[in-house]
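Note sheet for the following structure.
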Amino acid sequence: MSTNSTRPLAVVLATCNGAAYLEQQLQSLLQQTRSPDLILIFDDASDDATPQLLEKYASLPTVKISKNDKRIGANENFKLAVAAVPDGYDIAFCDQDDYWLAEKLERSVELLNSLSAAPQQPAMIYSDLILMNEDDQIISASVHQQRGQHRYQHVWDTFIYGNMVSGCTIVMNSAMKQVMSQLPKTDEFIYDAWLAMAGFSFGKIACLPHPLIRYRQHSRNLTFADHRASNRWGRWRKHLTQLFHPSDFLQEEIALAKAFHNAFHHRLSSEQAGTLMQLIQLEHAPHWKKKITFEKSFRPYWLNRFS
């Protein structure tokens, strides 16, 4: 293991009305083979039993709890939490209703260290997820397979047309704090895409080979049903019906590209800046033009398109 493995590690956990599953997640944090040195819990004005549940853990020396007076949303809540992490710490993001396998932090930190990033270079790792339901039953052994994200290489040219990084899997170095601090206040995209864009451009990024989180799918969080391979032909039919009309295809990706280019154009290579501008210029393009550009970008990176 790299000598950088001695860096302290903080977990940032954002909560909001998460009492139903929060204790299970907290227990999985406390049972890690690589214990976090600091657990920062930022509660976003919960009005269920979450604050009372958190009080049970407030006396632990590694746990620090902060409560927002009013609700600000996941992006801003995580932004506050990351800003509160002392400099020099690696940082792991945590959702309130999942379950971490025991080696999640240990293996994540090992991979992050292997990237050998310079102290001031942003670096991060991410992973696949195991999908489970409200009753802890496994729905899918791989969210990447559920969403078809195993069928192509995860590189800059594929990432900018569709984020494959889930925030709860991210572990990043301290240099990434500056990237997070420049996350704009927006509902158009999520913090994980913002961080991953830095990783794929001027930072370093890698994906763990195996999922180490059981991600809970339930009525109040993101689901993956619309991305299943069985719906692939349905998505193609939708593309065909929209072909010559404006559509919301790539709307989130274009919003992210515009904001990121505005904040970090000076840190991008000329090629990276060019690909972002090409994407941005599709904002008002007909659906067929968006689809052709998407296909061209993915063409060199398919591993097995129809698997």
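Filtered by the rule that a residue be hydrophobic (A, V, I, L, M, F, W, C) and not in a strand (DSSP E or B), region 121-170 gives Leu129, Ala141, Val143, Val155, Trp156, Phe159, Ile160, Met164, Val165, Cys168, Ile170. Of the residues contained in region 42-53, none is found to be crowded, with 19+ Cβ neighbours inside 10 Å and either more than 17 Å from Leu22 (Cα to Cα) or in contact with a Phe, Trp or Tyr (Cβ under 6 Å, 6 or more places away or on another chain) (or both). Screening the candidates Ala117, Ala196 for the property of being at pLDDT 95 or above, on the phi < 0 side of the Ramachandran plot and outside the structural domain of Ile280 (by TED's automatic domain parsing) yields one hit, Ala196.
Yes/no per residue for (1) under 17 Å from Leu303 (Cα atoms); (2) of a type outside the set (Ser, Thr, Tyr); (3) in the same structural domain as Tyr191 (by TED's automatic domain parsing):
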{"residue": "Ile130", "(1), (2), (3)": "no, yes, yes"}
{"residue": "Tyr152", "(1), (2), (3)": "yes, no, yes"}
{"residue": "Trp156", "(1), (2), (3)": "yes, yes, yes"}
{"residue": "Ile160", "(1), (2), (3)": "no, yes, yes"}
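Within region 151-161, being buried (at least 17 other Cβ atoms within 10 Å of the Cβ) and of a type outside the set (D, E, K, R) holds for Tyr152, His154, Trp156, Thr158, Phe159, Ile160, Tyr161. Scanning region 240-260 turns up no residue that is in the same structural domain as Ala19 (by TED's automatic domain parsing), at pLDDT 95 or above and assigned to a loop (DSSP other than H, G, I, E, B). Could you please tell me which pairs satisfy a Cβ distance under 7 Å, a separation of 6+ or placement on different chains, a first residue in region 26-39 that is modelled with pLDDT of 95 or more, and a second residue that is of a type in the set (Phe, Trp, Tyr)? Once the first residue is modelled with pLDDT of 95 or more and sits in region 26-39, its partners that are of a type in the set (Phe, Trp, Tyr) give Leu26/Tyr57; Ser28/Tyr99; Ser28/Trp100; Leu29/Trp100; Gln32/Trp100; Leu38/Tyr89.
Being part of a strand (DSSP E or B) and either within 17 Å of the chain's Cα centre (by Cα) or at pLDDT 95 or above (or both) holds for only one residue in Ala92, Ala102, Ala81, and it is Ala92. Scanning region 265-307 for residues that are crowded, with 16+ Cβ neighbours inside 10 Å and either among the small types (Gly, Ala, Ser) or touching a Gly at 6+ places or on another chain (Cβ under 7 Å) (or both) yields Ala273, Ala285, Ser297. Would you pick out the residues in region 40-57 that are touching an Asp or Glu at 6+ places or on another chain (Cβ under 8 Å) and in a helix (DSSP H, G or I)? If the condition is that a residue be touching an Asp or Glu at 6+ places or on another chain (Cβ under 8 Å) and in a helix (DSSP H, G or I), then Thr50, Pro51, Leu53, Leu54 are the ones that fit.
Conditions tested, residue by residue: (1) in contact with a Pro (Cβ under 7 Å, 6 or more places away or on another chain); (2) loosely packed, with under 14 Cβ neighbours inside 10 Å; (3) over 30 Å from His154 (Cα atoms).
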residue: Val63; (1), (2), (3): no, no, yes
residue: Asn68; (1), (2), (3): no, no, yes
residue: Glu76; (1), (2), (3): no, no, no
residue: Ala81; (1), (2), (3): no, no, no
residue: Pro86; (1), (2), (3): no, yes, yes
residue: Trp100; (1), (2), (3): no, no, no
residue: Ser127; (1), (2), (3): yes, no, no
residue: Met132; (1), (2), (3): no, no, no
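The values are calculated or read from the model by the stated rules, or taken from the named source; none is laboratory data. Since the model is a prediction, treat every value here as computed from it, not as a measurement. Don't worry about glycine lacking a Cβ; one is built from the backbone with ideal geometry, like all the others, and counts go over all protein chains shown.
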